Amino acid sequence: MSLRRELKPHIYSVGAVDWDRRLFDELIPLPDGTSYNSYLIKGSEKTALIDTVDATMTDVLVRNLEDLGIKEIDYVIANHAEQDHSGSLAAILGIYPRARVLCTQKCKDMLMDLLLIHQDKIITVGDKEVISLGDKTLEFIHASWVHWPETMLTYLKEDRMLFTCDFLGSHLATSDLYVTDEATVYEAAKRYYAEIMMPFRIAIRTNLHRIMNLELNIIAPSHGPIHNKPEFILNAYRDWASDDVKNEVVIPYISMHGSTKKMVDYFVDALIERGITVKQFNLSELDIGKLAMAFVDAATVVIGSPTVLVGPHPKVVYATYLANALRPKLRFASIIGSYGWGSRMVEQISGMIPNLKVELLEPVVVKGVPGEEAFKALDRLADEIENKHKEQGIFNG
Ligand code: FEO
């Protein structure tokens, strides 16, 4: 689907909606598809295109530009080098040979490496550098690590529009140009933050601070609908990127013969009785986006696993690896589970989470079917989590 629509006089959305895409990076589920937003700004003297689209959608972008009767493009602003936004760049430079790419120095290097764009086609721009399109002015704001090192934002001063590429975006295919259903967009944006931005939480905060003083009427990301009420997404990001955690325990688990499941079921009830919110994920069929979202707010993770050849189940290894890579702001962790003839599960899982700055609470790992002693130990772990949350002032609401 085409996204060709006029946002304001001489400012157009010219990207593409990808309703059918279900996986990004062969890893990240896209339950609601996505979009690759691209924007055309026709100044009185020069024309700029902000970001391009995924290579699979080049024909949509080209057709949108043709339908608008665009004969010349002076600048292609590359806010980010990743291929879902730069995949059409070579094609656009071929059709519009006068165009020059404007980007950060790091982005230039990456465009040359990843897309073989010739260096003569690229002009680097500094932080806070300004260019004029005639009656419209673009300011570039370097914004490293949202979520690659080369990223920048582009601010259209006269219209108070900020083009943010991945930052503040969402994987959401929709016919709505602007956010209309805030609950749906909140969910998609949180999923996106969790999967893409969460490892760079500190950089996110820095970049939120950098744009704090801009006058903003519109935030136009390059995925998902456009924000014409910027505070909605800015407040959400401030919350997610803050150091605050909620009175929540995430329990990713798997069970082979039912013993670990019995322990998880008992433990979940024990936590709920203590007023703690629980988010439980059976890893046998995992949507990693949902697990990542649960990690955005939670204070504690308790991993439930049986053993496979004395180590944790491989699906637990996968989830633990992801949790470590996503660097959520968890404060406490523990491990529960059952083994048949031997276990080095606690040592192995503990060694897999160096990025998590957590206090490890006493694990509960038992041989065979859990009995009374195991349930008492689970009660003690639930008590300890409740106490730890209270000590740190972590309550519901
Ligand atoms: Fe949407 Fe980092 O690319």
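The values are calculated or read from the model by the stated rules, or taken from the named source; none is laboratory data. Quick caveat: nothing in here was measured; it's all calculated off a predicted structure. All Cβ positions, glycine included, derive from the backbone under ideal geometry; neighbour counts span all protein chains shown. Note: accessible area is taken over every heavy atom of the protein model, side chains too, but ligands, DNA and RNA are not part of it. Shrake-Rupley method; radii C 1.70, N 1.55, O 1.52, S 1.80 Å.
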Fill in: For the stretch 5-241: accessible area per residue (Å², 1.4 Å)
38 Å²
Response to the item:
With the 1.4 Å probe rolled over protein heavy atoms, the stretch 246-391 has an accessible area per residue in Å² of 43 Å²
Fill in: 145, 240, ranked by accessible area, largest first (probe 1.4 Å)
145, 240
Fill in: Using alpha-carbon coordinates, inclination of helix 182-192 to the longest axis of the chain, degrees
80 degrees
Item to complete: Treat every Asp and Glu Cβ in the stretch 246-391 as -1 and every Lys and Arg Cβ as +1, leave all other atoms uncharged, and give the resulting dipole magnitude about the Cα centre to the nearest 20 debye.
Response: 400 debye
Discussion item. Just to confirm the number: angle between the C-alpha axis of helix 288-297 and the first principal axis of the chain, 0 to 90 degrees, nearest 10?
Written reply: 80 degrees
Discussion item. Largest first and in whole Å, what are the equivalent-ellipsoid semi-axes of the chain based on the Cα gyration tensor, each being the root of 5 times an eigenvalue?
Written reply: 47, 20, 17
Practice prompt. Would you rank 147, 209 by solvent-accessible area, highest first, keeping every protein chain in place and using a 1.4 Å probe?
Written response: 209, 147
Practice prompt. Return the whole-Å distance between the Cα centroid of the stretch 267-305 and the Cα centroid of the stretch 219-259.
Written response: 14 Å
Response to the item:
Among the stretch 324-357, those whose backbone N falls under 17 Å of a label point 7 Å along Cα→Cβ from residue 256 are 336-349
Worksheet entry | Label point distance in nm, residue 105-residue 309, each placed 7 Å from Cα along Cα→Cβ | 4.8 nm
Worksheet entry | Whole-percent carbon and sulfur share, accessible surface of the chain, 1.4 Å | 51 percent
Worksheet item: What angle do you read, to the nearest 10 degrees and between 0 and 90, between the alpha-carbon axis of helix 314-326 and the longest principal axis of the chain?
Response: 50 degrees
Discussion item. For a bin width of 5 Å, list the pair-distance distribution of the stretch 8-107 built from all Cα-Cα distances, rounded to whole %.
Written reply: 3, 13, 24, 25, 16, 11, 6, 2, 0
Response to the item:
Excluding residues fewer than 8 positions from residue 157 in its own chain, the aspartates and glutamates with Cα under 13 Å of it are 129, 135, 139, 215
Fill in: DSSP-defined beta bridges in the chain - what % are antiparallel, rounded to 5
45 percent
Worksheet item: Roughly speaking, what is the stretch gain from residue 205 to residue 380, that is 0.36 nm per residue apart minus the C-alpha to C-alpha distance, in nm to one decimal?
Response: 59.3 nm
Item to complete: Report the Cys residues of the chain lacking a disulfide-compatible partner, meaning no second Cys Cβ under 4.7 Å from their Cβ.
Response: 165
Fill in: Residue pairs, from the table 261/376; 279/329; 290/329; 108/229, whose Cα atoms sit over 24 Å apart
108/229
Practice prompt. Report, for the stretch 246-391, the % of DSSP beta bridges that are antiparallel, rounded to 5.
Written response: 10 percent
Practice prompt. Sequence neighbours fewer than 8 away in the same chain don't count; with that in mind, list the lysines whose C-alpha is under 21 Å from residue 71.
Written response: 8, 42, 46, 121, 136
Fill in: Alpha-carbon spread of the stretch 246-391, three principal axes, descending order, Å
36, 30, 25
